[in-house]
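These notes concern the structure reproduced below.
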Amino acid sequence: MGVGSVNSSPFWPMQEGINEIIATVGLHAAPIGVICRDNRIMMAVFRTSHTASLIEESGLVVANIMHDPVFFVRAAFSDLSPEEFIEMNVAGRPVYRISSSLSWVVYRATIDQKTEQKLLISLEPIETKLAQSDLVPINRGRNSIIEAAVHGTRYILTRDPVLKQMIDHHVSLVKRCGGKRDLEALCLLEKFIA
Ligand SMILES: Cc1cc2nc3c(=O)[nH]c(=O)nc-3n(C[C@H](O)[C@H](O)[C@H](O)COP(=O)(O)O)c2cc1C
């Protein structure tokens, strides 16, 4: 896939499919998928999460586009400290992004549907900043730490052994293919899910 096809995405700067970002609402952060399909930009957020109620209250959410696996694990399992956020003024309102995130989109968020489990949220971009960044080759270790973190967020709630098997599979890929930062994220993840 060339740079051109990425830039011409109708969902720019997101791409078709599910984009894993760190969502911030106020001084709260959690990894969430931004779903881009059929000309719609959406989030599906578990109602058990703080993120769901915060988005419902605020009507705005920031998608921090980041590749740092340590941030994904920390934001999934713990609270970031207030000093890790920076305030911006968007549409006359204060919104917060992660200060080390150089690319972000502020979305207006409208609740489309409430199921027993999830909020389905429609997103409309109102301000976007995209840092110039080089293409990063795909690394299976980096992909796997994100997969292990997703499964980990369900595993701590259910202790489902099938999830544990999937986590173990991804852990072995992180160890085989990942770099230092992936291994650091893995160490944190293992503590959070123990
Ligand atoms: C890469 C990644 C993607 C995730 N995507 C979603 C998502 O789309 N919707 C959701 O409800 N939870 C998602 N999660 C799980 C939440 O981040 C996790 O449940 C988090 O603890 C919620 O935090 P909160 O209760 O503080 O809001 C994802 C986790 C990871 C690691």
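The values are calculated or read from the model by the stated rules, or taken from the named source; none is laboratory data. Quantities reported herein were computed from a predicted structural model and do not represent experimental measurements. So basically every Cβ, Gly included, is an ideal-geometry build from the backbone, and we count neighbours across all protein chains shown. All accessible areas refer to the heavy atoms of the entire protein, side chains included, with ligands and DNA or RNA removed. Shrake-Rupley method; radii C 1.70, N 1.55, O 1.52, S 1.80 Å.
Residues of segment 67-85 include none that is open to solvent by 70 Å² or more (accessible area, probe 1.4 Å), more than 19 Å from residue 51 (Cα to Cα) and either in contact with a strand residue (DSSP E or B) (Cβ under 8 Å, 6 or more places away or on another chain) or hydrophobic (A, V, I, L, M, F, W, C) (or both).
Which residue out of 8, 58 is hydroxyl-bearing (Ser, Thr, Tyr) and at pLDDT 95 or above?
58
Taking the conditions (1) of a type in the set (S, T, N, Q); (2) away from the ligand (no atom under 14 Å from the Cβ); (3) over 30 Å from residue 167 (Cβ atoms) in turn, residue 101 satisfies each one other than (3). Restricting segment 55-72 to residues that are under 10 Å from the mean Cα position of the chain (by Cα) and in a helix (DSSP H, G or I) leaves a set whose member that is nearest to the ligand (Cβ to nearest atom) is 72.
Please specify each residue of segment 143-189 satisfying the condition of being within 26 Å of residue 65 (Cβ to Cβ), charged (D, E, K, R) and open to solvent by 40 Å² or more (accessible area, probe 1.4 Å). Within segment 143-189, 147, 154, 180, 181, 184 qualify.
Restricting attention to segment 29-54 and to residues that are in contact (Cβ under 8 Å) with a residue 60 or more places away in the chain and farther than 26 Å from residue 193 by Cα, the residue that is surrounded by the fewest Cβ atoms within 10 Å (Cβ to Cβ) turns out to be 40. Quick one: in segment 100-119, which of the residues that are open to solvent by 50 Å² or more (accessible area, probe 1.4 Å) and within 16 Å of the chain's Cα centre (by Cα) is modelled with the highest pLDDT? Filtering segment 100-119 for residues that are open to solvent by 50 Å² or more (accessible area, probe 1.4 Å) and within 16 Å of the chain's Cα centre (by Cα), the one modelled with the highest pLDDT comes out as 100.
Can you confirm whether segment 131-140 contains a residue that is open to solvent by less than 50 Å² (accessible area, probe 1.4 Å), more than 30 Å from residue 187 (Cβ to Cβ) and either of a type in the set (Ser, Thr, Tyr) or away from the ligand (no atom under 16 Å from the Cβ) (or both)? No; the residues of segment 131-140 include none that is open to solvent by less than 50 Å² (accessible area, probe 1.4 Å), more than 30 Å from residue 187 (Cβ to Cβ) and either of a type in the set (Ser, Thr, Tyr) or away from the ligand (no atom under 16 Å from the Cβ) (or both).
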